[in-house]
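Structure first, then comments.
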């Protein structure tokens with residue numbers, strides 16, 4: 001989660017409180033999936049990972065001509081490369097299994 005001590009502090013606290021109230025062990029890390037350094041720091045900061053909730057995403061709306069190349073690349077870096085970055089960051093962690101599924105829409 002980004003900005004766990006900033007604008008997402010309330011969300012991080014609610015998530016932490018939920019985990020505690022359900023006797024779940026959960027670590028909430030400040031991570032930017034668009035940054036190799038941030039992902040490396042996060043994936044090495046914790047012991048064995050059982051579950052990764054990767055909910056990062058960015059969406060732009062409007063007509064195509066309103067998009068800049070930079071905005072498009074930032075969106076791809078976060079939404080596509082960020083998922084790959086996290087999976088690769090965890091691939092060397094001890095685990096029973098790491099699966100990644102990509103769902104393709106049916107035509």
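For residues that are assigned to a loop (DSSP other than H, G, I, E, B) and more than 13 Å from residue 1 (Cα to Cα), scanning just segment 12-26, find the one that is modelled with the lowest pLDDT. For segment 12-26, the residue satisfying everything is 25.
Yes or no, residue by residue, for (1) at pLDDT below 85; (2) under 17 Å from the mean Cα position of the chain (by Cα); (3) surrounded by 10 or more Cβ atoms within 10 Å (Cβ to Cβ):
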site	(1), (2), (3)
3	yes, yes, yes
28	yes, yes, yes
34	no, yes, yes
40	no, yes, yes
47	yes, no, no
53	yes, yes, no
70	no, no, no
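Residues that are on the phi < 0 side of the Ramachandran plot, under 18 Å from the mean Cα position of the chain (by Cα), modelled with pLDDT under 85 and not in a loop (DSSP other than H, G, I, E, B): does segment 55-62 have at least one? There is no residue in segment 55-62 that is on the phi < 0 side of the Ramachandran plot, under 18 Å from the mean Cα position of the chain (by Cα), modelled with pLDDT under 85 and not in a loop (DSSP other than H, G, I, E, B). For segment 3-51, give me the residue count where each residue is under 21 Å from residue 88 (Cβ atoms) and either touching a residue at least 40 places away in the same chain (Cβ under 8 Å) or out of contact with any helix residue (DSSP H, G or I) (no Cβ under 6 Å at 6 or more places or on another chain) (or both). Within segment 3-51, residues that are under 21 Å from residue 88 (Cβ atoms) and either touching a residue at least 40 places away in the same chain (Cβ under 8 Å) or out of contact with any helix residue (DSSP H, G or I) (no Cβ under 6 Å at 6 or more places or on another chain) (or both) number 21.
The values are calculated or read from the model by the stated rules, or taken from the named source; none is laboratory data. Here the structure is a predicted model, which means the values were calculated and not measured. Glycine gets a Cβ as well: all are built from the backbone with ideal geometry, and neighbour counts include every protein chain shown.
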